[in-house]
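All remarks here apply to the structure that follows.
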Amino acid sequence: MKYSSQAVSQLYFTAAIGLFAGQILLGLIMGLQYVVGDFLFPAIPFNIARMVHTNQLIVWLLFGFMGAAYYLIPEESENELYSPLLAKILFWVFLVAGALTIVGYLMLPYARLAELTGNNLLATMGREFLEQPLITKIGIVIVALGFLFNISMTVLGGRKTGISLVMLLGLWGLAIFFLFSFVNPDNLVKDKFWWWWVVHLWVEGVWELIMGAMLAFVLIKVTGVDREVIEKWLYVIIAFALITGIIGTGHHYYWIGAPGYWQWWGSVFSAMEPIPFFMMTVFAFNMVNRRRREHPNKVATLWAMGTGVMAFLGAGVWGFLHTLAPVNYYTHGTQITAAHGHMAFYGAYAMVVMTMISYTMPIIRGREANSERAQIVEMWAFWLMTISMVFITLFLTAAGILQIWLQRVAETPMPFMAAQDQVAMFYWLREVTGVVFLIGFILYVCSFFIKGEPAKVAA
Amino acid sequence: MSSGFTKAMARNIFYGGSVFFFLLFLGLTFDTHRKLPKRDNSQAITESVVRGKLVWETNNCIGCHTLLGEGAYFAPELGNVYARRGPEFIKFWMKAQPTNAPGRRQMPQFNLTDQQLDDLVEFLKYANGINTEKWPPNIEG
């Protein structure tokens with residue numbers, strides 16, 4: 001580790017992995033509720049489980065991004081972090097606020113939580129992914145501002161690289177677009193319209209900048225390829241991401257009351273959204289093929305290449321699958337969306353955070369790479385989690401196609417629940433695959449505790 | 001990428017492209033808001049609808065259901081439930097939960113007052129009147 005303040009990342013990464021564990025457990029509960037409807041009812045109704053599942057995802061990714069930034073920014077800036085103390089304080093504030101929110105979700109009826117936390121002052125709750133109480137949302141803004149101040153000052157005080165600027169832009173964008181979570185008009189169409197300014201402009205916009213910067217950072221480190229080459233790729237990738245992704249928001253505006261022309265804007269631009277993800281795959285493989293050094297951390301390289309492939313499959317291919325308006329007319333709001341959501345979030349964001357963790361954690365713990373044995377276990381975790389996510393996606397896609405046929409295309413359309421009963425087999429398969437994912441995750445956690453001589457490059 | 005194409009050029013495409021398309025997006029956003037009054041059924045937004053939306057939100061209905069196709073996919077689409085089931089059925093249904101049928105998906109009892117139930121129905125009636133370009137494909141949602 002070049003700068004001692006980078007060590008603060010470890011806190012963030014640890015919390016991220018802990019929350020990831022919770023997310024997986026809730027996912028398994030929900031998966032079972034799909035087929036055994038009264039499982040854990042009324043202790044954990046589905047809507048509560050789902051809220052905890054998705055909110056934990058968002059929060060652990062945010063922890064991951066912040067941890068990554070606290071490592072990446074000092075190293076790129078060739079400068080100690082502006083205030084390691086502030087980073088530590090904000091960590092505990094965010095962790096405690098997040099934990100209290102989750103406890104609130106699980107222990108209180110949601111309406112009571114809304115009442116207690118001032119939702120009547122400004123109603124922002126009860127919208128998908130933005131279910132957090134007002135005080136939590138304000139807390140997120142405060143933590144984000146403190147965090148951005150800290151890393152911006154670090155960049156300003158040191159070397160400015162393409163990677164650190166892109167990372168900074170992405171993180172500022174993340175904070176700025178989150179402000180739209182406070183916009184909740186009574187008009188449902190406007191509510192939905194602005195809601196996407198958070199959700200879409202995050203995951204198909206500024207988060208891609210963060211992802212690209214993290215990937216580029218790790219690729220420079222593990223391949224030794226020239227910075228000029230890597231940063232040029234990075235700029236081209238994020239240029240395509242925003243050029244296609246901003247207007248691509250239109251693919252959410254087809255059926256919510258917005259003008260019909262969004263079917264054209266949304267289809268044309270979002271059909272091009274796979275391009276930057278495809279470029280990321282080519283980028284990762286190309287850089288690894290042109291590597292100018294052998295890095296002993298082989299598993300970090302595996303994660304980096306895996307991120308490229310899985311982001312392209314999940315976000316790119318599965319996104320394209322249902323993005324054209326005439327197709328989306330039938331797929332909108334079905335298990336197809338769930339299939340895409342799972343592989344895209346895992347492939348793009350969960351995996352890029354794990355890439356960063358895989359590269360940095362050994363260094364933070366005082367070695368260039370983990371032992372061979374630890375790396376092999378981590379590789380097993382990589383393959384188990386990744387392959388089971390592919391199958392989760394395939395099973396949900398099958399369920400979705402069948403659901404659409406029965407409920408929306410067949411001559412005598414079935415009611416929703418009747419169609420759900422028909423696709424139950426795929427939900428069972430998904431649940432079993434989810435258990436395999438959990439096993440992969442347990443191996444992943446174990447890999448951190450396997451000791452041994454740090455791996456070296458064979459001479 | 002060929003050597004004639006430099007990092008500075010890539011960076012300029014990024015900045016220029018992003019700014020251009022964001023401005024275009026703002027323009028489309030402005031135009032959308034100009035056209036919305038003819039489509040969004042906003043003339044039907046009464047005080048009751050506003051209260052109903054709050055009931056919808058503070059009971060986290062979106063955690064199981066979809067509304068105009070957005071939400072969770074565990075329970076039926078409700079953007080057109082007013083047309084599919086009608087006001088009385090919706091209220092009856094809410095009061096009758098949970099069914100406690102073994103092994104079936106369960107909807108919690110939200111203990112809504114009659115006023116809240118009426119407001120919720122008004123909200124769903126308003127949502128049903130939004131011009132959604134003929135989505136969903138049929139009444140089953």
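Worth a mention:
- Among the residues of the range A:114-133, those identified as assigned to a loop (DSSP other than H, G, I, E, B) and more than 7 Å from chain B (Cβ to nearest Cβ) are A:Thr117, A:Gly118, A:Asn120, A:Leu121, A:Leu122, A:Thr124, A:Phe129, A:Leu130, A:Gln132, A:Pro133.
- Taking the listed residues A:Gly341, A:Gly333, the one that is assigned to a loop (DSSP other than H, G, I, E, B) and within 14 Å of another protein chain (Cβ to nearest Cβ) is A:Gly333, with no other qualifying.
- Residue count for the range A:242-274, restricted to those that are on the phi < 0 side of the Ramachandran plot and at the interface with chain B (Cβ under 9 Å from one of its Cβ atoms): 21.
- Candidate set: the range B:37-56, residues that are assigned to a helix (DSSP H, G or I) and under 15 Å from the mean Cα position of the chain (by Cα); chosen: the one surrounded by the fewest Cβ atoms within 10 Å (Cβ to Cβ): B:Val50
- Of everything listed in (1) within 23 Å of the chain's Cα centre (by Cα); (2) in contact (Cβ under 8 Å) with a residue 60 or more places away in the chain, the single unmet condition for A:Glu78 is (1).
- Residue check for B:Gln116: within 13 Å of chain A (Cβ to nearest Cβ) and either hydrophobic (A, V, I, L, M, F, W, C) or outside any helix (DSSP H, G or I) (or both): no
- Some residue of the range A:360-367 being within 29 Å of B:Gly71 (Cα to Cα) and either at pLDDT below 95 or surrounded by 23 or more Cβ atoms within 10 Å (Cβ to Cβ) (or both): no
- Unmet requirement for B:Pro137, which otherwise passes all of (1) touching a Phe, Trp or Tyr at 6+ places or on another chain (Cβ under 9 Å); (2) within 7 Å of another protein chain (Cβ to nearest Cβ); (3) surrounded by 20 or more Cβ atoms within 10 Å (Cβ to Cβ): (3)
- Of all the residues in the range A:74-113, those that are over 24 Å from B:Leu112 (Cβ atoms) and part of a helix (DSSP H, G or I) number 24.
- A count restricted to the range B:56-91 and to residues that are at negative phi and in contact with a Pro (Cβ under 9 Å, 6 or more places away or on another chain) stands at 10.
- Selection count, the range B:73-98, where residues are more than 9 Å from chain A (Cβ to nearest Cβ) and within 26 Å of A:Gly27 (Cβ to Cβ): 2
The values are calculated or read from the model by the stated rules, or taken from the named source; none is laboratory data. This is a predicted model, so every value here is computed, not measured. Here the Cβ is made from the backbone with ideal geometry for all residues, glycine too, and neighbour counts use every protein chain on show.
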